[in-house]
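K.L.:
Before anything else, here's the structure in question.
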Amino acid sequence: MSDLLLLGGIALCLLSVVVAVVQLLRTQAPRAGAILLVLGIAAILAGAYLAPEPFSLDRISQAWARLAGGVTTTP
């Protein structure tokens, strides 16, 4: 569960940058980008809270490997 929260939070943070840039180019306030950023940070913090071991940068690649390995080995 913490792997999904970590990867989902990172995806939301990256998506928030894209959404904010698009909104700024359309001369709108980047409210949706800010909301996505807050949700992404909250998901990352929730994943850190639920994880049994401390977070590190290596954990991102390990989470991706576990998630991709679980998807490909499921019948």
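Throughout, read-outs are computed from the coordinates displayed, never taken from laboratory work. Computed from a predicted model, the values in this text were never measured in an experiment. All Cβ positions, glycine included, derive from the backbone under ideal geometry; neighbour counts span all protein chains shown.
K.L.:
Would you kindly state how much longer the chain becomes between TRP64 and GLN28 on full extension, computed as 0.36 nm times their sequence separation minus their alpha carbon distance, in nm to one decimal?
P.N.:
9.5 nm
K.L.:
Loop only by DSSP, 15 or fewer other Cβ within 10 Å of the Cβ. Give me the trypsin sites (Lys or Arg not before Pro) in the chain that pass, ordered by residue number.
P.N.:
Passing sites in the chain are ARG26.
K.L.:
Oh, and also: Please give the contour-minus-distance gain from LEU14 to PHE55: 0.36 nm per residue of separation, less the Cα-Cα distance, rounded to one decimal in nm.
P.N.:
Result: 12.9 nm gained on full extension.
K.L.:
Counting alpha carbon pairs within less than 8 Å and at least 6 residues apart, what relative contact order, in whole percent, applies to the chain?
P.N.:
That works out to 42 percent.
K.L.:
Calculated from the structure, Cα extents along the principal axes in Å equals which of (i) 35, 23, 22; (ii) 38, 24, 22; (iii) 45, 28, 19?
P.N.:
Derived directly from the coordinates: (iii).
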